[in-house]
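The next block holds one structure in the form of structure tokens; read it before the comments.
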Amino acid sequence: MKIKCILALFGFLFISTAVAANQPPSTIWVASDNAKLKADWKSSSATLAEVSKGTVLSVLAYQEKWYQVKLPNGKTGWIYRGKVSETEVQKTQGKEEGGSVGGLLGDLSGSNIRADNTDSSRSIRGLSPEATEYAKQNGTPQVYRNELDKVIDRKVSPTEIDQFLKQGKIGEYQE
Amino acid sequence: MIKKQFTHPDDEINRTRRNLLKLAGPFTLFMACPAYALDLFKMIDPDEKSKDIQRAKTIFEGVGSIATSATDLDYKSEFAIGESLALEGFQRYGLPSKNQLVQKYVNTVGNAVVQNSMRSDIPYYFVVVENNIYNAFACPGGIIFVSSALLKSMNNEAELACVLAHEVAHVGHKHALQAIKRAKFFEGVGKISTANMKGEEGKKFQNMIGDLQTVLFDHGLDQDMEFEADLSGMSFAYQTGYNPEGFIRVLDMLKQKEATAVKEGSWFSTHPPLTDRIQKCNEGMGKYPDAASLAVVSNRFVEYRKLL
């Protein structure tokens with residue numbers, strides 16, 4: 001009888017620990033740029049709000065790879081697991097100058113690869129004065145400077161990344 | 001009326017004493033928190049009239065720059081270093097691939113993982129260079145190179161995302177800057193401007209870029225930095241929705257090619273032994289029990305790979 005009681009106690013403790021380990025955390029932080037609060041735990045559901053990196057969220061439930069959360073302003077909805085962290089995330093100040101906000105990339109999100117004709121019409125931002133000075137001091141051939149100009153001029157917008165992930169069924173768009 | 005042309009020696013001594021007393025506060029504060037010390041200078045001499053106080057402030061700022069080290073450089077300065085190194089990167093590893101579709105594709109995959117990285121508040125630029133060496137590296141400030149050979153040897157987008165995420169992690173951890181933090185150039189320099197790119201300072205800057213090339217192109221970063229970037233990169237790829245095991249597949253592939261591949265200036269010579277990395281990454285996979293259910297994306301990747 002004693003052995004049965006001890007075994008039952010161990011069993012209870014084991015199950016409690018396992019349940020606790022699988023419990024979603026009560027608080028999480030938005031860890032990704034471009035995180036969206038959805039109406040349901042599916043990427044196809046309506047977007048209720050864009051939530052900025054570092055926002056603290058209260059967890060209400062967990063379903064598949066989605067958390068049901070409550071924002072500091074009281075709004076509730078669902079957010080994809082990949083967009084959050086269980087450890088505190090610092091709020092971002094926004095992209096530095098020259099950030100990926102241009103939206104100048106050709107359409108990569110469509111089903112076909114399309115040529116991008118915008119390259120030649122774009123104004124080149126150019127190297128920083130410091131790098132230009134370095135190139136001058138070092139006698140770096142112009143061809144390398146021009147190529148670096150082009151690299152720095154390429155930008156990808158958050159919308160394009162979102163469409164790209166959607167087309168590839170990646171992350172929250174996985175079926 | 002002729003104004004007094006000179007000061008009495010006693011006045012001069014008293015003034016110096018007063019200023020020394022005024023400096024005692026900022027100095028003590030400086031030892032604890034340099035930023036507050038500079039604010040205190042403004043309080044003591046708001047109109048910036050005292051030459052002694054302003055001279056001391058300049059000295060404190062210089063010392064502060066040394067104390068804060070290369071990893072505390074502002075982004076603009078960090079990016080100037082990155083641009084200069086990138087110019088050397090093209091000369092060493094070749095020009096970018098002409099195919100703009102491939103460039104845009106790699107740039108998009110890279111920026112997708114950036115969204116889930118530790119330092120997503122700066123722009124990143126990914127470039128494929130035509131080279132038969134298996135290599136990828138990150139310049140400070142976020143310019144990331146990947147060789148066409150490495151890209152061609154991959155099999156899917158998850159593998160590419162993991163390699164790019166590894167490089168994004170180097171930028172996030174500021175590994176390259178840590179590696180050259182003792183460079184002479186940083187002694188007394190808190191910001192990089194065209195003013196300190198000329199003369200003696202300019203030579204020190206060029207030497208520092210030379211040191212960076214030696215680290216990134218020849219000797220490699222500290223092994224612990226590489227392991228850290230491996231695991232951080234896998235985490236960024238996982239958060240984005242890619243199977244982080246893609247990174248181990250790339251390391252496995254490199255292991256198979258190791259015997260016959262060019263070693264100099266490649267991941268074989270600048271990174272820790274592949275066996276060690278594979279083992280550590282396999283251990284890291286324990287954090288991702290559902291990894292196998294995540295995206296791999298082979299078809300799209302193969303379409304772009306054909307263009308190289």
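Bear in mind these aren't lab numbers, they're just calculated from the coordinates by the rules spelled out. All values derive from a computational prediction rather than experimental measurement. Cβ: placed from backbone, ideal geometry, glycine included. Neighbour counts: every protein chain shown.
Taking the Cα atoms of segment B:72-305 alone, what are Rg (to one decimal) and Dmax (as a whole number) in Å?
Both quantities, over Cα of segment B:72-305: 17.3, 57 Å.
Is there a simple number for the mean count of other chain Cβ atoms within 10 Å of the Cβ of residues in B:193-199, and what is it?
Whole-number average of other-chain Cβ neighbours for B:193-199 is 4.
Taking every pair of Cα atoms in segment B:158-289, average 1/r, invert it to obtain the Kirkwood radius, and report Rg/Rh to two decimals.
Using only Cα positions, Rg/Rh for segment B:158-289 is 1.07.
Averaged across the residues of A:24-31, what count of C-beta atoms belonging to other chains lies within 10 Å of each residue's C-beta?
Taking all residues of A:24-31 together, the mean is 1.
Distance cut-off 27 Å, Cα to Cα: go down the list B:Lys76/B:Lys104; A:Lys65/B:Lys152; A:Lys150/B:Lys76 and report the pairs above it.
A:Lys65/B:Lys152
If you take all C-alpha pairs in segment A:24-85, what percent of them are over 17 Å apart?
Distances greater than 17 Å cover 23 percent of the Cα pairs.
Taking every residue in B:72-85, how many Cβ atoms of other protein chains lie within 10 Å of its Cβ, on average?
Average per residue, whole number: 4.
Calculate, in nm to one decimal, what B:Thr194 and B:Asp222 gain on full extension: separation in residues at 0.36 nm each, minus their alpha carbon distance.
Gain in length upon complete extension: 7.0 nm.
If you take all C-alpha pairs in segment B:238-291, what percent of them are over 15 Å apart?
Within segment B:238-291, distances greater than 15 Å cover 50 percent of Cα pairs.
Once segment B:219-308 is represented by equal point scatterers at the alpha-carbon sites, with solvent omitted, what log10 I(q)/I(0) does the Debye formula produce at q = 0.13, 0.17 Å⁻¹?
With no solvent term, the Cα-only Debye profile gives -0.50, -0.83.
For segment A:125-175, I need the span (max minus min coordinate) of the C-alpha atoms along each principal axis, in Å, sorted largest to smallest.
Sorted largest first, the three principal extents are 54, 16, 13 Å.
Select from segment B:213-282 those GluC sites (Glu not before Pro) which occupy a DSSP coil region and have at most 13 other Cβ atoms within 10 Å, ordered by residue number.
The qualifying sites are B:Glu264.
Taking only the C-alpha atoms, wrap a convex hull around segment B:98-196 and report its volume per residue in Å³ as a whole number.
Here the figure is 126 Å³ per residue.
Restrict the search to segment B:70-169; then list the chymotrypsin sites (Phe, Trp or Tyr not before Pro) that DSSP places in a loop and that have at most 10 other Cβ atoms within 10 Å of their Cβ.
Loop-located and lightly packed - none at all.
Residue-wise, which Karplus ³J(HN,Hα) couplings in Hz belong to segment A:73-79, taking 6.51 cos²θ - 1.76 cosθ + 1.60, θ = phi - 60°, and x for glycine or proline?
8, x, 5, 10, x, 10, 9
Counting only C-alpha contacts under 8 Å and six or more residues apart, can you give the relative contact order of segment B:226-305 as a whole percent?
The value is 45 percent.
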